[in-house]
1. Taking THR340 and the conditions (1) more than 16 Å from the chain's Cα centre (by Cα); (2) more than 15 Å from THR38 (Cα to Cα), which numbered condition does it fall short on, given that it satisfies the others?
2. Scan the stretch 123-134 and tell me whether some residue there is more than 21 Å from VAL271 (Cα to Cα) and out of contact with any strand residue (DSSP E or B) (no Cβ under 6 Å at 6 or more places or on another chain).
3. Residue check, GLU144 against (1) more than 25 Å from PHE194 (Cβ to Cβ); (2) in contact (Cβ under 8 Å) with a residue 40 or more places away in the chain, all met but one. Which one?
4. Among the residues of the stretch 36-61, what is the count of those that are hydrophobic (A, V, I, L, M, F, W, C), modelled with pLDDT of 95 or more and more than 29 Å from ARG350 (Cβ to Cβ)?
5. Please tell me if GLU197 is at pLDDT 95 or above, within 28 Å of PHE72 (Cβ to Cβ) and within 17 Å of the chain's Cα centre (by Cα).
6. Go through (1) loosely packed, with under 15 Cβ neighbours inside 10 Å; (2) under 19 Å from the mean Cα position of the chain (by Cα) one by one and return the number of the condition HIS328 breaks.
7. Every residue in the stretch 265-313 that is in a loop (DSSP other than H, G, I, E, B) and surrounded by fewer than 22 Cβ atoms within 10 Å (Cβ to Cβ), please.
Amino acid sequence: MSLKFLWYIPNTVEPGHRGDDAVDDYGTLDHTTDLARTAEEHGWSGALIGTGWGRPDTFTVATAIAARTTTFQPLVAIRPGYWQPAHFASAAATLDHLIGGRLLINIVSGQDNLAAYGDVEGDQAQRYSRTREFMRIARRLWTEEHVTYAGEYFGVTDSTVTPRPHGAGPRLYFGGASAAAERVSATEADVQLFWGEPLDGIAERVDRLRRLSAELNRDLPPLEFGLRITTLVRDTTEEAWRDAEAKVSATAQRSGALADQRVDRRRGPAVGQQRLLDLAARGDVLDSCLYTAPGRYGGGGAGTTWLVGSPDDVTTALRRYAELGIRHFILSDTPYKHETARVGDALIGRLRESVRERPLPEPVHAAVPSS
């Protein structure tokens with residue numbers, strides 16, 4: 001199984017996302033396409049395009065980018081509830097057909113302004129049960145004809161998607177650290193995405209998800225794993241840490257640590273986000289170069305923990321994740337365009353060469369329990 005390297009494209013109209021430098025055409029198609037083409041030129045397979053109400057529609061943005069690129073694979077974040085499964089399956093199949101099978105999908109079930117587009121927020125069990133149905137219907141529509149499905153949340157009758165997507169359809173990436181989310185990943189996802197946790201936490205979760213896949217009688221190919229994290233890379237270790245500390249200091253001064261902590265408590269972070277915030281209690285630096293301080297000063301999601309260091313430092317850290325079974329890396333840093341080139345040039349070739357010289361261990365999948 002080869003490694004896949006994806007970047008991140010900010011899906012916002014206003015400049016300044018995660019401190020990105022303001023530009024005159026930020027959020028325009030020309031600007032976004034430029035980021036995608038830069039990714040193509042510097043070794044990235046594609047990039048994650050985020051979603052959320054109040055931001056540009058992710059699927060529309062991805063379609064426009066795909067039409068202006070040749071190898072770029074958009075990893076399009078979408079939400080059940082914003083889409084009906086048959087409508088989504090048709091749109092995804094059409095785009096995948098038109099761009100030669102380049103489409104990837106990230107299914108998101110986390111917080112959003114659901115009422116703004118007519119959705120409702122259920123409890124955690126309901127939310128993930130609905131997501132599971134959504135993913136299962138989409139897969140069936142991509143691989144079968146005349147599909148009939150009557151679920152608790154969605155249903156279709158004698159439904160056939162035209163045109164057909166390439167192969168079995170776009171690969172489905174999925175995240176979530178709660179028990180309910182992991183059951184969805186174990187049975188429905190192609191790739192489980194992790195935030196930037198220490199190696200011991202990732203190892204434990206990989207093992208648990210493999211066992212869970214067997215226990216729940218997964219009927220898809222083996223679940224794969226990915227890492228979504230910020231990577232701050234400089235020519236030397238010393239320069240990297242100096243810049244990382246300066247970035248965190250600037251963030252703290254802009255936003256105020258106490259204010260950000262109050263926001264976290266009020267919203268009630270998702271299980272995965274809370275796991276990252278709790279890491280700071282173990283120290284500012286974990287493993288070899290996992291920096292936890294950003295999470296104390298407003299960092300969220302992929303910005304909560306960073307891998308910091310020279311190209312060799314960060315390559316070594318990423319290889320250790322790969323040795324645990326991680327095969328998909330979604331990396332980012334700001335300013336986005338500059339770091340697309342810098343990080344791609346610094347890490348992708350090094351890590352691929354490391355794997356050629358010392359092949360990664362083959363994943364060990366849990367046996368299906370006997371009845």
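1. (2)
2. Within the stretch 123-134, the subset more than 21 Å from VAL271 (Cα to Cα) is 133-134.
Those still in the list that are out of contact with any strand residue (DSSP E or B) (no Cβ under 6 Å at 6 or more places or on another chain) too: 133.
Scanning the stretch 123-134, I find at least one residue that is more than 21 Å from VAL271 (Cα to Cα) and out of contact with any strand residue (DSSP E or B) (no Cβ under 6 Å at 6 or more places or on another chain), so the answer is yes.
3. Tallying (1) more than 25 Å from PHE194 (Cβ to Cβ); (2) in contact (Cβ under 8 Å) with a residue 40 or more places away in the chain, GLU144 fails exactly one: (2).
4. Quick first cut of the stretch 36-61, residues hydrophobic (A, V, I, L, M, F, W, C) only: 36, 39, 44, 47-49, 53, 59, 61.
From what's left, modelled with pLDDT of 95 or more: 36, 39, 44, 47-49, 59, 61.
The next check asks that each one be more than 29 Å from ARG350 (Cβ to Cβ); those that pass are 59, 61.
Qualifying residue count, the stretch 36-61: 2.
5. Working: at pLDDT 95 or above: yes; within 28 Å of PHE72 (Cβ to Cβ): no; within 17 Å of the chain's Cα centre (by Cα): yes.
For GLU197, the condition - at pLDDT 95 or above, within 28 Å of PHE72 (Cβ to Cβ) and within 17 Å of the chain's Cα centre (by Cα) - is not met.
6. (1)
7. Narrowing the stretch 265-313 to residues in a loop (DSSP other than H, G, I, E, B): 268-270, 283-284, 287-289, 292, 298-300, 304-305, 310.
GLY268, PRO269, ALA270, GLY283, ASP284, ASP287, SER288, CYS289, GLY298, GLY300, SER310, listed by residue number.
One line per residue, one yes/no per condition, for (1) free of Cβ contacts under 8 Å to residues at least 40 places away in the same chain; (2) assigned to a loop (DSSP other than H, G, I, E, B); (3) over 20 Å from PHE59 (Cβ atoms):
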residue: ASN11; (1), (2), (3): no, yes, no
residue: GLU14; (1), (2), (3): yes, yes, yes
residue: VAL23; (1), (2), (3): yes, yes, yes
residue: TYR26; (1), (2), (3): yes, yes, yes
residue: ASP30; (1), (2), (3): yes, no, no
residue: THR33; (1), (2), (3): yes, no, no
residue: ALA36; (1), (2), (3): yes, no, no
residue: TRP44; (1), (2), (3): no, yes, yes
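The values are calculated or read from the model by the stated rules, or taken from the named source; none is laboratory data. On a predicted model such as this, the values are computed, not experimentally measured, just so you know. Counting neighbours? That spans all protein chains shown, and the Cβs are built from the backbone with ideal geometry, glycine included.
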